[in-house]
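Each reported figure results from applying straightforward, stated rules to the coordinates on display, with no laboratory input. As the structure is a computational prediction, the values presented were derived from the model and not from experiment. All Cβ positions, glycine included, derive from the backbone under ideal geometry; neighbour counts span all protein chains shown.
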Amino acid sequence: MENSTITKLALEIYKLGEAIHGSDKEKIILNMIKNHFQNYEIKEIPVSTKEWVIESQRVYINEKEIGKFSVFPYSKGSVKGKIGSNVIAFPFPDHPFKVKDLYKIAVEEGAEGIIFYENDKIRRIVLPDSKIPVIMLPFKPTKGSSIEIDVESYLKDSSSYNLEIVLRDGNDYILLGAHADHWLSGFHDNIFSIDILSSIENLDVKNHGVKLAFFSSEEGPRCCTGSYQHPKNDLFVSVILDALFPSRVVYSSTPNLWEFSKFFKLKRIEMPSPFSDSFNFIQSGIPSLLIYNDDLVPYYHSNADIPLEKDIEFKTEIIESIEKLIQELDKLNTDELEKMSKKYGKWHRIVPDYANLSSMFEYV
């Protein structure tokens with residue numbers, strides 16, 4: 001397969017544009033992946049999810065309609081007023097997770113609408129609630145300008161599916177997974193991960209099976225993620241790819257997998273992130289690794305998340321690292337992985353630490 005180029009599959013997915021969780025576009029992508037793997041055993045695993053539907057969206061500044069802007073999920077509503085008065089404008093912060101704090105400040109100050117702005121970028125950043133309309137502009141609006149925002153959107157129940165492809169049969173499995181939905185252009189989050197998994201072939205394993213999983217609805221409400229609904233009874237280990245960006249990784253895993261970080265070019269090693277598909281496997285007792293890279297932050301969930309020349313070299317490096325990881329995991333069994341966990345005391349489980357965007361041990 002194409003491990004030294006970007007696959008035709010990935011480029012065709014990229015051309016489709018935004019693929020919102022639970023939407024027909026997401027299902028088109030899953031079907032494209034299924035066709036790519038038509039020579040393998042394939043399962044469709046039903047997922048009950050939600051689709052975010054934007055019925056209409058309009059923004060006027062000084063009575064001139066604005067053509068390019070984005071609405072933050074899952075905001076809605078209408079407001080007329082002045083920028084700097086009842087509609088507050090913020091420059092986009094240096095980290096997307098700070099958006100919720102600025103939203104809270106604006107609501108407490110009585111704002112009826114919020115604008116985020118950043119030069120030449122629009123983004124979609126999910127908010128904890130959506131009491132007022134929140135938009136993003138690719139330019140700094142002038143304070144005192146008149147503004148009108150009108151957004152009609154809603155979440156509706158939807159049916160989608162996860163796709164599971166068996167590369168090698170076994171009594172238990174090493175699962176390699178990635179989500180199929182994406183906001184805006186979404187190349188590195190998460191088309192690039194689909195590209196990498198679609199290029200993995202001829203893995204040297206003897207003791208465990210290997211399967212790929214492509215999940216519905218990672219970007220949607222936490223209630224409805226495809227990874228949460230994915231069967232986990234036959235899994236040995238899960239390895240999740242998400243938001244990969246050249247040319248290093250954040251290695252976020254259960255502690256029994258930390259020593260395998262030596263196969264990757266690292267930014268850092270950390271406790272498991274609760275904001276990922278991998279955490280759903282961890283909470284089911286499955287040793288799990290998430291590889292991502294928050295060097296993507298300047299382009300995260302934006303229209304500027306596009307293919308780069310250095311992706312090709314990075315893709316080759318990541319595939320080689322994954323192959324080495326799987327070869328080492330294949331030498332181990334569940335009891336041996338459990339012994340590796342005991343280096344860190346008699347912890348009972350790993351629980352979210354949302355305040356620090358991390359997780360922590362809960363000891364017996």
When N counts the residues of the range 54-155, how does its alpha-carbon radius of gyration compare numerically with 2.2 N^0.38 Å, as a ratio? 0.95
Could you give the DSSP H helices of the chain that reach 20 angstrom or more along their long axis (alpha carbon positions) and whose average Kyte-Doolittle hydropathy is no lower than -1.0? 311-329
Only loop residues by DSSP count here, and only those with at most 12 other Cβ atoms within 10 Å; note down the chymotrypsin sites (Phe, Trp or Tyr not before Pro) in the range 80-138 that meet that. none
Residue separation times 0.36 nm, minus the C-alpha to C-alpha distance between residue 234 and residue 28: what's the value? 71.4 nm
Within the P(r) computed for the range 230-364, what percentage of the Cα pairs occupies the region above 19 Å? 52
Calculated P(r) of the chain - Cα pairs past 25 Å, %: 55
Most exposed first by the Cβ proxy, i.e. fewest other Cβ within 10 Å, how do 182, 301 rank? 301, 182
Local electrostatic count at residue 163 - Lys and Arg +1, Asp and Glu -1, tallied over other residues with Cβ under 13 Å: -1
What aspartates and glutamates does residue 104 reach when the alpha-carbon gap must be under 16 Å and sequence neighbours fewer than 8 apart in one chain are set aside? 112, 129
Tell me, in nm to one decimal, what length is gained between residue 358 and residue 247 on full extension, where the rule is 0.36 nm per residue of separation less the Cα-Cα distance? 37.7 nm
Can you compute the radius of gyration and Dmax for the range 159-300, using only the Cα atoms, both in Å? 14.2, 43
Could you sort the peptides 26-35, 246-255 by per-residue average Cβ neighbour count (10 Å cutoff), highest mean leading? 246-255, 26-35
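Set the Förster distance to 22 Å, then compute FRET efficiency between residue 11 and residue 310 from the Cβ-Cβ distance, nearest 0.05. Show your work: numbers first, answer last.
On the way: r = 16 Å, r/R0 = 0.75.
After rounding, the FRET efficiency stands at 0.85.
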Extension gain from residue 42 to residue 56, taking 0.36 nm per residue of separation minus the Cα-Cα distance: 1.3 nm
Take the cross-link list 8/64; 8/121; 232/262; 43/339; 34/232 and give me the ones stretching past 29 Å between alpha-carbons. 8/64; 43/339
Mind checking Rg over Rh on the range 91-141, alpha carbons, Kirkwood formula for Rh? 0.93
Write down Rg/Rh for the range 1-70, rounded to two decimals, with Rg from the C-alpha atoms and Rh from the Kirkwood relation over Cα pairs. 1.15
